[in-house]
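One structure below.
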Amino acid sequence: MHEEKIKLPEPVLKGKISFEEVLYKRRSVRKFKNGFLNLKQVAQLLWACYGITDKRGFKTTPSAGATYPLEIYLIAGDVSELKSGVYKYLPDEHSLIKIIDKDIRRELMELSLRQKFIKEAQITIVITADFKRTTSYYGDRGIMYVHMEAGHSGQNIYLQAEALGLGTVAVGAFNETQVSKLLNLPKNEKVLYIFPIGFK
Ligand SMILES: Cc1cc2nc3c(=O)[nH]c(=O)nc-3n(C[C@H](O)[C@H](O)[C@H](O)COP(=O)(O)O)c2cc1C
């Protein structure tokens, strides 16, 4: 499939709620209301997760040796201005490229211990990693570094969701091999973390 890139709206750098209040209010959300997210909200979440914040290519997350091993995928279900499907986030261009042309939320839910909220959330962000980018510098210790970085990214999603008045939950319980197949991921990437996001 040869898809056009979708340029995302630029992230905003000011919110309606204080950082301290966001920290205080953040809670995992497992029940989502119906509705459609807009592209601005989705773009803001992806940027918070792994977007560029510096001309040198540095990002919202710290990264051991700035090796940036993570890749970010968007599973779009109910988003106005975006067809349902799976997209890869391209941080350097703050854009999306479509890789699968159908709504896979139900299948993802089935591969994640049938945690029902996964099919109900408007979107899911999936964090994967190419470990070699980090282990080629740090050896086996790099494995831990990659996991730590995914945690940073995940916390950014949690906090940005809260700041937007949305909810999310970290999901670690899923069948890695099957989810990899479902997303058609390259062999060098491993699925680490799943974040369904939606209206709470
Ligand atoms: C690594 C990790 C994996 C998790 N996996 C799941 C999961 O598969 N399903 C789920 O409902 N919650 C999952 N959670 C969310 C925790 O249950 C939740 O963070 C915890 O109960 C504390 O609640 P809070 O996030 O509202 O503070 C996970 C959290 C972490 C950090």
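The values are calculated or read from the model by the stated rules, or taken from the named source; none is laboratory data. Because the structure is a prediction, the values reported are computed rather than measured. Here the Cβ is made from the backbone with ideal geometry for all residues, glycine too, and neighbour counts use every protein chain on show. Only protein heavy atoms, including side chains, enter the accessible area calculation; ligands, DNA and RNA are left aside. Shrake-Rupley method; radii C 1.70, N 1.55, O 1.52, S 1.80 Å.
If you take the residues of the stretch 150-182 that are in a helix (DSSP H, G or I) and polar (S, T, N, Q), which of them is nearest to the ligand (Cβ to nearest atom)?
Looking only at the stretch 150-182, we keep the residues that are in a helix (DSSP H, G or I), and these are 150-163, 176-182.
When the remaining residues are screened for being polar (S, T, N, Q), the result is 153, 155-156, 160, 177-178, 180.
Numbers: Ser153: 12, Gln155: 9, Asn156: 14, Gln160: 15, Thr177: 17, Gln178: 15, Ser180: 17 Å.
Of everything passing the filter in the stretch 150-182, Gln155 is nearest to the ligand (Cβ to nearest atom).
When you scan the stretch 177-189, do you find a residue that is touching a strand residue (DSSP E or B) at 6+ places or on another chain (Cβ under 7 Å), at positive phi and modelled with pLDDT of 95 or more, even just one?
yes
Does the stretch 107-124 contain at least one residue that is out of contact with any helix residue (DSSP H, G or I) (no Cβ under 9 Å at 6 or more places or on another chain) and more than 15 Å from the ligand (Cβ to nearest atom)?
To start, the set of residues in the stretch 107-124 that are out of contact with any helix residue (DSSP H, G or I) (no Cβ under 9 Å at 6 or more places or on another chain) comprises 113-114.
Now narrow it down to the ones that are more than 15 Å from the ligand (Cβ to nearest atom): none.
Checked against the condition, which is being out of contact with any helix residue (DSSP H, G or I) (no Cβ under 9 Å at 6 or more places or on another chain) and more than 15 Å from the ligand (Cβ to nearest atom), the stretch 107-124 yields no hits at all.
Which pairs have Cβ atoms under 8 Å, sit 6 or more apart or on different chains, and link a residue in the stretch 100-119 that is within 9 Å of Leu182 (Cβ to Cβ) to one that is near the ligand (Cβ under 10 Å from one of its atoms)?
From residues that are within 9 Å of Leu182 (Cβ to Cβ), the pairs are Leu108/Ile118; Leu108/Phe174; Leu108/Ile194; Leu111/Phe174.
Which residues, counting only those in the stretch 152-170, are open to solvent by less than 10 Å² (accessible area, probe 1.4 Å) and over 15 Å from Leu46 (Cβ atoms)?
Within the stretch 152-170, the subset open to solvent by less than 10 Å² (accessible area, probe 1.4 Å) is 153-154, 157, 161, 166-169.
Answer for the stretch 152-170, where residues must be open to solvent by less than 10 Å² (accessible area, probe 1.4 Å) and over 15 Å from Leu46 (Cβ atoms): Gly167, Val169.
Give the residue, chosen from Lys16, Lys55, that is free of Cβ contacts under 8 Å to residues at least 24 places away in the same chain and over 18 Å from Gln155 (Cβ atoms).
On the way: Lys16 fails: free of Cβ contacts under 8 Å to residues at least 24 places away in the same chain.
One residue alone meets the criteria, Lys55.
Free of Cβ contacts under 8 Å to residues at least 40 places away in the same chain and of a type in the set (A, V, I, L, M, F, W, C): is that true of Met148 in this structure? Before the answer, list the steps.
On the way: free of Cβ contacts under 8 Å to residues at least 40 places away in the same chain: no; of a type in the set (A, V, I, L, M, F, W, C): yes.
Here the answer is no, as Met148 does not meet what is asked.
For every residue, the table says whether it meets (1) open to solvent by 50 Å² or more (accessible area, probe 1.4 Å); (2) away from the ligand (no atom under 16 Å from the Cβ); (3) of a type outside the set (Lys, Arg).
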| residue | (1), (2), (3) |
| --- | --- |
| Ala48 | no, yes, yes |
| Gly51 | no, yes, yes |
| Lys83 | yes, yes, no |
| His94 | no, yes, yes |
| Arg105 | no, no, no |
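Restricting to the stretch 60-74, name every residue that is free of Cβ contacts under 8 Å to residues at least 60 places away in the same chain and under 15 Å from the mean Cα position of the chain (by Cα). Spell out how you get there, then give the answer.
Let us first name the residues in the stretch 60-74 that are free of Cβ contacts under 8 Å to residues at least 60 places away in the same chain, namely 66, 74.
The answer is Leu74, and nothing else.
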